[in-house]
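First comes the structure, then the notes that go with it.
Rule-based calculations on the coordinates, nothing more; no lab input. These figures come from a predicted structure and were not determined experimentally. Cβ placement follows ideal geometry from the backbone for every residue including glycine, while neighbour counts extend to all protein chains displayed.
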Amino acid sequence: MTDLELLARIIQCEAGGEGEQGMKGVACVVMNRVQVDYGEYGRLEPTIRAVIYQPGQFDCARESIGGRYNAQNIYNMSVEPIHYEIAEWAIAGNRLTNLGFALWYFNPFSPTCRQNFPSRVGEFVVRIGNHCFYNPTPAYADT
């Protein structure tokens with residue numbers, strides 16, 4: 001699987017129901033992690049593959065969760081042209097301006113986003129659809 005296809009699949013799996021802006025937000029987070037050169041993600045090989053397959057990061061990259069088969073994984077996705085278009089857009093260096101340099105996102109399953117995620121290393125920046133996005137704080141450098 002190429003990096004383009006891998007990114008398209010993670011976009012579809014993680015944010016396929018979030019509209020174009022939500023899918024672009026997920027693509028930006030992946031590419032921001034590829035490009036960051038400090039902290040936890042800065043120690044990874046700077047590739048889409050390394051970021052997506054980093055243990056414990058994306059449920060869609062795991063075939064099982066908690067010992068049970070995960071049917072919603074990147075291998076089961078029906079990727080469409082829009083997912084490839086967004087992946088190409090992100091790989092080309094494009095970013096959503098309201099997203100900052102977000103390294104995390106999650107769905108809180110509530111109408112509000114908590115201020116910090118995953119701890120004090122990420123600070124809330126914007127909500128797009130059901131996902132809350134977080135930029136790194138200075139504390140992220142120590143991860």
Tilt of helix 3-15 relative to the longest C-alpha principal axis of the chain, in degrees (0 to 90, nearest 10)? 80
May I ask for the angle, rounded to the nearest 10°, between helix 81-91 and the longest principal axis of the chain, with both axes built from Cα atoms and the value confined to 0 to 90°? 40
Residue span Asp37 to Glu63: 0.36 nm per residue of separation minus Cα-Cα distance leaves a gain in nm of 6.5 nm
Nearest 500 deg cm²/dmol is fine: what mean residue ellipticity at 222 nm does the chain get from its DSSP H runs of n ≥ 4 alone, each adding -39,500 (n - 2.57), divided by its residue count? -10500 deg cm²/dmol
How many nm is it between the label spots at Leu44 and Gln72, if each spot is 7 Å from the Cα in line with the beta carbon? 2.0
Region 119-130 - phi-based ³J(HN,Hα) in whole Hz, Karplus 6.51/-1.76/1.60, Gly and Pro as x: 8, 6, 7, x, 10, 3, 10, 6, 10, 10, x, 8
